[in-house]
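Visitor: Structure below; questions to follow.
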Ligand code: MOS
């Protein structure tokens, strides 16, 4: 190990990083010992809160009749906007909104008589048992003067507008003159794609348990993807300082973006707890989950593409229209991936929004890139078909050797290898270039593929490593594990960095008392937390090396720290490995029971390659390039479908995904991420849709009976592979996230396979049988 931390080289041989290690939290989960946010049931005097929500999508509350509910046994409080403890800051006030790092809506319910969406909380009943609270809530009468709602952008009453910005992206973006490029292009394609509203549907619904341990000390157990963001936002809204709020999340039953934010119930639970003076547990019902934690918005995209006769892209003009809430200009930013995926000389994008009586939609696995890739990757398939080119060939023709949006080189890109490996695993060379020609009995068989990409978002966070003299270690970072494997991969990284077996490592996460780190969102956690932990372990070694070289009883006494390396817990001279000693010896002589290191890991372009400035081997361009690289993970999906021409059913019969995402810390958990994202995407392609009633603006299928997600019988065995990729620029560990890229391109791969099978291009998701026939 050098004094400057370098790109991670394992200190243990053979290492566990890169091994398909089983989940360290597996036993706790299958034996029920893993405690989720709704399972802190031993809190003293814990009581239960139930939300009463509005059936009406738009109107004003004119009164409540709570008398029958009040008379029920066990009822402790019935809270409405008339008697709810006041918030210090609310997003309803634009000046306050800046204080909230993770409040997703510019509206907080129960602050006034306004009703803006069906499912909006209008009352909270607190009772000694869940059943008492549920029954009393059913007896609360809410009188609402209803007005005609607007149900979506498709509502004839909806007014479309172009916002100034959506999520930090300009409402209109231009790179070059895409309009002119498309208009004068020898080959032109125009197509419109629609995407139904989708819901995340994690197995574990939103749940918040709030405990005021003192009037100025609040602990919240919450289903959040980011304890630190929730802590800061709750503190601001409740008028507390950050250190007065503790947020805990040890286990999550899925998140997919809906648990990335502080939704109303997360704030209402502490308010209710304050009102009754007891800890309160509030769990959303499955139905409330559909109106309580956001969704992927329904949307329409028109993509106009211009190309040369050889198939080289000249320009793309993209327009998106989608529904937003009455208060926010929110849309997932589909333009990002369309702008960067291919060597595209000119691009223009416009977002159109229409306000409707719905809550603000939110981040849903690969927000923007997922539906954006549907439009782009179907259009690329159309272009290939029109020019008589293979779908992979058209993509190689337009391969972006550098980032077309800014001309920067990529930190790493192995997409060509993904195409090659995927094609080989799938047997793509045997594909019949003609559509509608391949049959399996009466079923039409089709093969399709698509490209995937997801950016490396900047983030940073801290970790602490405490190494004990007895060869055990506690590793801490206030990260969250959505169920995807954070516990496991960080244990592996710590084991290798400390030269210890993984069973000697305890990794603690999910608590704001731990070193703070940013959320598990945007596929940032694996790269950021692994780097923080790796660097914290290096600090431990630096401390011990310093100790050894100044200890005249050490064989390393007098050596330069830079000449000492660590191999499996042994400090030794780089040039003469025989000279050295076990770290435990150094600690014993110093009477140290343990030694701590802490560090901040950086992910994305905030990361600076250590030693770059001093690296004599790099010329000026290389140094500049190291500081200005575009960072993305890349991949590809291949799909086979069988379409029943009589029933209109589509079945996915084969699947291959190949991803390049830097260092793969654990191929088992990474594979699970990729099959999870692919299945999520197959769901969106074939069956998932939330339907809002056009007159009442109320969801008609807000449960898992009416909202269809794929089950085992819908999904074939899936093949997942990874390209070895060494990326020294993304972070100290060379890791790119894999949670979101796995869904990008999936809907297009399925639609392209359906096109190949049937010769019919379906551009409306989900591709239900009625659309196939
Ligand atoms: Mo993700 S949609 O950033 O949890």
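The values are calculated or read from the model by the stated rules, or taken from the named source; none is laboratory data. Bear in mind the structure is a predicted one, so any value in this text is a computation, not a measurement. Counting neighbours? That spans all protein chains shown, and the Cβs are built from the backbone with ideal geometry, glycine included.
Visitor: Please go through segment 753-773 and give me each residue that is surrounded by fewer than 24 Cβ atoms within 10 Å (Cβ to Cβ) and more than 31 Å from the chain's Cα centre (by Cα), ordered by number.
Guide: Result: 758, 759, 760, 770, 772, 773.
Visitor: Also: Output the residues belonging to segment 419-439 that are surrounded by 12 or more Cβ atoms within 10 Å (Cβ to Cβ) and either out of contact with any strand residue (DSSP E or B) (no Cβ under 7 Å at 6 or more places or on another chain) or assigned to a strand (DSSP E or B) (or both).
Guide: Correct list: 420, 423, 424, 427, 432, 433, 435, 437, 439.
Visitor: From the list 248, 262, which residue is more than 30 Å from residue 358 (Cβ to Cβ) and either under 21 Å from the mean Cα position of the chain (by Cα) or at pLDDT below 95 (or both)?
Guide: Exactly one residue qualifies, and that residue is 248.
Visitor: Follow-up question, since we're still on this one. Give 368, 422 a once-over and let me know the one that is touching a helix residue (DSSP H, G or I) at 6+ places or on another chain (Cβ under 9 Å), at pLDDT 95 or above and within 16 Å of the ligand (Cβ to nearest atom).
Guide: 368
Visitor: Residues in segment 723-741 that are buried (at least 24 other Cβ atoms within 10 Å of the Cβ) and modelled with pLDDT of 95 or more: how many?
Guide: Within segment 723-741, residues that are buried (at least 24 other Cβ atoms within 10 Å of the Cβ) and modelled with pLDDT of 95 or more number 7.
Visitor: Would you tally the residues in segment 96-122 being farther than 16 Å from residue 271 by Cβ, part of a loop (DSSP other than H, G, I, E, B) and either free of Cβ contacts under 8 Å to residues at least 60 places away in the same chain or over 26 Å from the mean Cα position of the chain (by Cα) (or both)?
Guide: Going through segment 96-122 one residue at a time, the tally reaches 4.
Visitor: Another question, then. So, in segment 136-158, of the ones that are within 36 Å of the chain's Cα centre (by Cα) and within 18 Å of residue 78 (Cα to Cα), which residue ends up surrounded by the fewest Cβ atoms within 10 Å (Cβ to Cβ)?
Guide: 138
Visitor: Quickly run through segment 307-325 and pick out the residues that are buried (at least 24 other Cβ atoms within 10 Å of the Cβ) and more than 26 Å from the chain's Cα centre (by Cα).
Guide: Correct list: 307, 313, 315, 316.
Visitor: Is it the case that some residue within segment 162-169 is modelled with pLDDT of 95 or more, closer than 21 Å to residue 406 by Cα and surrounded by 16 or more Cβ atoms within 10 Å (Cβ to Cβ)?
Guide: For segment 162-169, residues modelled with pLDDT of 95 or more, closer than 21 Å to residue 406 by Cα and surrounded by 16 or more Cβ atoms within 10 Å (Cβ to Cβ): absent.
Visitor: Of all residues in segment 528-558, count the ones that are in contact (Cβ under 8 Å) with a residue 40 or more places away in the chain and touching a strand residue (DSSP E or B) at 6+ places or on another chain (Cβ under 8 Å).
Guide: 17
Visitor: Further question: Out of (1) closer than 21 Å to residue 604 by Cβ; (2) away from the ligand (no atom under 16 Å from the Cβ), the odd one out for residue 554 is which?
Guide: Result: residue 554 fails condition (1) only.
Visitor: Does residue 263 satisfy the condition of being assigned by TED's automatic domain parsing to the domain that holds residue 45, within 16 Å of the ligand (Cβ to nearest atom), over 30 Å from residue 764 (Cα atoms) and buried (at least 17 other Cβ atoms within 10 Å of the Cβ)?
Guide: Criteria met by residue 263.
Visitor: If you scan segment 193-239, which residues turn out to be within 14 Å of the ligand (Cβ to nearest atom), over 25 Å from residue 126 (Cβ atoms) and in a helix (DSSP H, G or I)?
Guide: 229
Visitor: Looking at 528, 506, which is the one that is modelled with pLDDT of 95 or more and more than 15 Å from the ligand (Cβ to nearest atom)?
Guide: Of the residues listed, the single one that is modelled with pLDDT of 95 or more and more than 15 Å from the ligand (Cβ to nearest atom) is 506.
Visitor: Given the criterion within 14 Å of residue 497 (Cβ to Cβ) and assigned by TED's automatic domain parsing to the domain that holds residue 505, identify the matching residue among 544, 571, 556.
Guide: Only one candidate qualifies: 544.
Visitor: Another question about this same structure. Select from segment 277-300 the residues that are within 18 Å of residue 46 (Cβ to Cβ) and surrounded by fewer than 20 Cβ atoms within 10 Å (Cβ to Cβ) and list them in ascending order.
Guide: 277
Visitor: A further question follows. Take residue 179 and tell me if it is without any contact (Cβ under 8 Å) to a residue 40 or more places away in the chain and surrounded by fewer than 24 Cβ atoms within 10 Å (Cβ to Cβ).
Guide: Answer is no for this residue.
Visitor: Is it the case that some residue within segment 79-95 is over 30 Å from residue 356 (Cβ atoms), touching a strand residue (DSSP E or B) at 6+ places or on another chain (Cβ under 6 Å) and buried (at least 19 other Cβ atoms within 10 Å of the Cβ)?
Guide: Among the residues of segment 79-95, not one is over 30 Å from residue 356 (Cβ atoms), touching a strand residue (DSSP E or B) at 6+ places or on another chain (Cβ under 6 Å) and buried (at least 19 other Cβ atoms within 10 Å of the Cβ), which makes the answer no.
Visitor: Take residue 359 and decide whether it is buried (at least 22 other Cβ atoms within 10 Å of the Cβ), modelled with pLDDT of 95 or more, in a loop (DSSP other than H, G, I, E, B) and touching a helix residue (DSSP H, G or I) at 6+ places or on another chain (Cβ under 7 Å).
Guide: For residue 359, the condition - buried (at least 22 other Cβ atoms within 10 Å of the Cβ), modelled with pLDDT of 95 or more, in a loop (DSSP other than H, G, I, E, B) and touching a helix residue (DSSP H, G or I) at 6+ places or on another chain (Cβ under 7 Å) - is met.
Visitor: Which is within 16 Å of residue 523 (Cα to Cα) and buried (at least 24 other Cβ atoms within 10 Å of the Cβ), of 744, 750, 656?
Guide: 744
Visitor: Taking only segment 240-259 into account, find how many residues are away from the ligand (no atom under 15 Å from the Cβ) and either within 19 Å of residue 108 (Cβ to Cβ) or part of a helix (DSSP H, G or I) (or both).
Guide: 6
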